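Below is one structure, written out as structure tokens; comments come after it.
What follows draws every value from the coordinates through simple rules; no lab data is involved. None of the values given here were measured: they were computed from a predicted structure. Reconstructed Cβ throughout: ideal geometry from the backbone, glycine too, with neighbour counts over all protein chains shown.
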Amino acid sequence: MKTVIEAEEISRNFGKVKALDNVTFSVNEGEIFGFIGPDGAGKTTLFRIVTTLLLPDSGTMKVLGFDSIKDFRELRKHIGYMPGRFSLYPDLSVEENLNFYATVFGTTVNENYSLIEAIYKHLEPFRKRLARDLSGGMKQKLALSCALIHRPRLLVLDEPTTGVDAVSRVEFWEILQGMKEHNITVLVSTPYMDEAMRCNRVALIQQGQILTIDTPDNIKSGFRGKLFKIKAPGKFKLINAVRDHHNTLSAYPFGDSVHATFFNDTVPEDFVNYLTMKGIENVQITESEAHIEDRFLELMNI
Amino acid sequence: MKRFLGFVKKEFIHIFRDYRTLIILFGIPAVQILVFGFVVSTDIKDAGVAILDLSRDETTQKLTDKILSSGFFRKTGELLNYNDIDRIFKKGNTKAVIIFEKDLGSRLFREGTASVNIIADGSEPNVATLVSNYISAIISDFNREMNKTLLSSSPVVQPEVRMYFNPSLKSHFMFVPGVITLIMILICALMTSVTITREKEFGTMEVLLVSPLKPSQIILGKVAPYFLLSFINIITILILSWFVFGLPVRGSLILLLLETMLYIMMSLTLGILISTVSKTMQQAIFISAIGMMLPTILLSGFIFPIENMPKVYDYFSSILPPRYFIVIIKNIMIKGTGLQYVWKETLIIALMTLIFMALSIKKFSLRLQQ
């Protein structure tokens, strides 16, 4: 299998802030590689280095066989980039945006229409509408069409689904999954854990450091302890009470419940009584399967 | 080339779809020319004068008629005594009081000399000077006529002043070239710097940078539409000032247009330079509007002569491109001179353009700055 991105010990500082600290990873051809991490973890900086927009302070980066520092001109022809920010011209119509990006990348919409057809057909009825009047999901679909119009070999998407409704997010990921057929490698970042499950491999990143890189399933099963799901009315009170117990290893909110791990992987004997004493009643405790998020939080706490 | 044209086309769509840009581009220059031309006039027209005629004879009557019929003055009142002077000045619409001494006519015939007293409102020094000069001129003109008819008095040396290039000292001659100079640098620098920083703010710059477009293509693509529109603008201004103020272009029109193109080019490259140092549209607007406008108005010789400034300001103004363009445009439009008189200034502006261009291509980074 060919390697599309090979990054070795990439570091980048902004003043005193270490945005990236010795980041090493590689991406294989045709896979969807996800970067998962909270805001400010260094995802955008990393993507800008991949797309030749920023220079690393140290380390080497080879993208599609090109050196991302020396051969950036040649490399830029083969990258489709969708920045985290809205990257369309709001005063241009859907059609005009697409045509503009096609011309700038030296191609035409017709030439590569087959590639974007699946996405663009949703936009077709609105092609005369100005980009600023599109809904969030539509905007992202248009931005994706624009990033794909020159048939890039690598697609770099920085938080493409932030601020997009749930239905559009699902649609968007289905489109990304289809990229493999066209032999396009996808590098994507997201703050949503559920989207991580849709990647072939994910890297968990925090404060400029990669915590782990693996398939989503392996990451999940890497969860060491036993996880318990605790449910009770008044989540805030509950979480504080759980955290205060001397046998608790970790406790954090998850959806409408609290995920917790305990010393010896068992719920302490007097735990329900302890909670009742703290004024929390109707407690349900069940053992639960770990999600990728749980593993992430576990790694973060190391 | 196709890429470049696609880029230019996109710029035109931006311009024509945003009516505010169009207003700034075409509305403001026209309005400024008209406002500066009409309102900021240093010519006297219908200035209020009051007459205190203590003599009331044929001569003073003639003199009064002559002054009032000149078109420069309008009578605001007939005063009866000296006490009225203070009162009428305080009313505000009188710029000067002309006092004819007692028995002016008979004295003039008997002794050959008589005096007229002009009291001007010194709270407006410029107007006061102008008004008193105009009145003195009219009176000396009157003297000459008297001398001719009487043939009695001794010959005197009479200075005959003629204002070369601008015989009637119309202030449009000063303002129109000045306003062209001011507007062009403001609009060109403002527009280009705003349009480039806008791409930065919208995040589209990131995509453009990743695209195979070269920086020079991005810069030229930004400049080309504004170059064309500014040129149309200049022609509109020239036509406007010809029809409204009767301002001629005495020199070669082609030379003037070529010089203007050079100046537009300089302003546009300056705008690009501004955009490379500013991160947001607001910054760009601030630098180009405030940073350019005041120095241009005050220090370029547009209104206040550079010769009268302290040396420090003189040196400072020598880095301002408008200073040189004002010389060029005044020479060509009003004096009708050719390139041989303005080549130095032309060269300086051309050099500045090259410097700005080199700096901005160098500073316009291929990557994102942090």
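At-a-glance table
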{"quantity": "Per-peptide average of other Cβ atoms within 10 Å, ordering A:285-291, B:176-182, B:8-14 highest first", "calculated": "B:176-182, B:8-14, A:285-291"}
{"quantity": "Residue pairs, from the table A:K2/A:K62; A:K70/B:K222; A:K128/B:K10; A:K128/A:K180; B:K311/B:K344; A:K2/A:K220, whose Cα atoms sit over 19 Å apart", "calculated": "A:K70/B:K222; A:K128/A:K180; B:K311/B:K344; A:K2/A:K220"}
{"quantity": "Neighbourhood charge, 14 Å Cβ-Cβ cut-off, centred on A:V109 and excluding it, Lys, Arg +1 and Asp, Glu -1", "calculated": "-1"}
{"quantity": "For chain A, built as a Gaussian network whose Cα springs stay under 10 Å, the top-fluctuating residue of A:N282, A:N13, A:N22", "calculated": "A:N282"}
{"quantity": "Extreme residue, positive dipole direction of segment A:87-198, given options A:V104, A:T162, A:L148 (C-beta unit charges)", "calculated": "A:V104"}
{"quantity": "Degrees separating the helix A:292-301 axis from the principal Cα axis of chain A, which is the longest one", "calculated": "70"}
{"quantity": "21 Å Cα-Cα threshold exceeded, pairs from B:K9/B:K214; B:K2/B:K214; A:K16/B:K200", "calculated": "A:K16/B:K200"}
{"quantity": "Global geometry of chain B, whether rounded, prolate or oblate, following the gyration tensor of its Cα atoms and the 1.5 cut on a/c", "calculated": "prolate"}
{"quantity": "Beta bridge orientation in segment B:47-150: antiparallel %, DSSP, nearest 5", "calculated": "30"}
{"quantity": "Test item: A:67-79 mean partner chain Cβ contacts at 10 Å", "calculated": "2"}
{"quantity": "Relative packing of B:307-315, B:248-256, A:40-48, which averages over residues the other C-beta atoms within 10 Å, highest first", "calculated": "A:40-48, B:248-256, B:307-315"}
{"quantity": "Part-to-part distance (alpha-carbon centres) for segment A:28-75 and segment B:183-242, which is given in Å", "calculated": "32"}
{"quantity": "Within segment B:255-370: Cβ-based charge dipole about Cα centre, in debye rounded to nearest 20 (Lys, Arg +1; Asp, Glu -1)", "calculated": "320"}
{"quantity": "Top of A:F25, A:F14, A:F72 by mean-square fluctuation, Gaussian network on chain A, Cα under 10 Å", "calculated": "A:F14"}
{"quantity": "Computed E for B:T236/A:E289 - FRET, C-beta separation, R0 56 angstrom, nearest 0.05", "calculated": "0.15"}
{"quantity": "Full-stretch length increase - B:E111, B:R250 - with 0.36 nm per residue and alpha-carbon distance subtracted", "calculated": "45.1 nm"}
{"quantity": "Inter-label distance, nm, simple model (7 Å from Cα along the C-beta direction), A:N110/B:E307", "calculated": "6.8"}
{"quantity": "Residues of segment A:274-302 with amide N under 15 Å of a point placed 7 Å along Cα→Cβ from A:D265", "calculated": "A:287-290"}
{"quantity": "Point-charge dipole on Cβ atoms (K/R +1, D/E -1) for the protein assembly as shown, about Cα centre, debye to 20", "calculated": "1560"}
{"quantity": "Computed [θ] at 222 nm, helices only, for chain A once each DSSP H run of length n ≥ 4 contributes -39500 (n - 2.57)", "calculated": "-9000 deg cm²/dmol"}
{"quantity": "Ratio of Rg to Rh over segment B:249-370 (Cα coordinates, Kirkwood Rh, two decimals)", "calculated": "1.02"}
{"quantity": "Segment A:3-215: translational diffusion in µm²/s, Stokes-Einstein, Kirkwood Rh over Cα pairs, 4 °C, 1.567 mPa s", "calculated": "75"}
{"quantity": "At R0 = 30 Å, FRET efficiency that the Cβ-Cβ distance of A:A118 and A:D217 yields, to 0.05", "calculated": "0.65"}
{"quantity": "CD proxy at 222 nm, helix term only [per DSSP H run n ≥ 4: -39500 (n - 2.57); per residue of chain B; nearest 500]", "calculated": "-21500 deg cm²/dmol"}
{"quantity": "Given charges at beta-carbon only (K, R positive; D, E negative), |dipole| of chain B in Debye", "calculated": "1600"}
{"quantity": "Highest to lowest packing among A:206-218, A:188-200, scored as the average C-beta count within 10 Å", "calculated": "A:188-200, A:206-218"}
{"quantity": "Exercise: per-residue mean of other protein chain Cβ atoms within 10 Å, A:50-57", "calculated": "3"}
{"quantity": "Helix A:113-123 vs. chain A, principal-axis angle (Cα, 0 to 90°, nearest 10)", "calculated": "60"}
{"quantity": "Of the trypsin sites (Lys or Arg not before Pro) in segment B:88-122, those whose Cβ has at most 14 other Cβ within 10 Å and which sit in DSSP loop", "calculated": "B:K102"}
{"quantity": "Cβ neighbours within 10 Å from other chains - mean over A:84-94", "calculated": "4"}
{"quantity": "Antiparallel bridge percentage (DSSP; both residues within chain B; nearest 5)", "calculated": "30"}
{"quantity": "Helical segments meeting 27 Å axial Cα length and Kyte-Doolittle 0.0 threshold in chain B (DSSP H)", "calculated": "B:125-150, B:172-202, B:215-245, B:253-277, B:339-363"}
{"quantity": "Principal axes of the protein assembly as shown: Cα extent on each, largest first, Å", "calculated": "133, 65, 50"}
{"quantity": "Surrounding net charge for B:T59, when Lys and Arg each add one and Asp and Glu each subtract one, Cβ distance under 14 Å", "calculated": "-2"}
{"quantity": "Those lysines that a straight Cα-Cα span of less than 23 Å connects to B:K91, excepting residues fewer than 8 apart in one chain", "calculated": "B:K45, B:K75"}
{"quantity": "Average projection area in nm² (convex hull over Cα atoms of segment A:227-301, one quarter of hull surface)", "calculated": "4.6"}
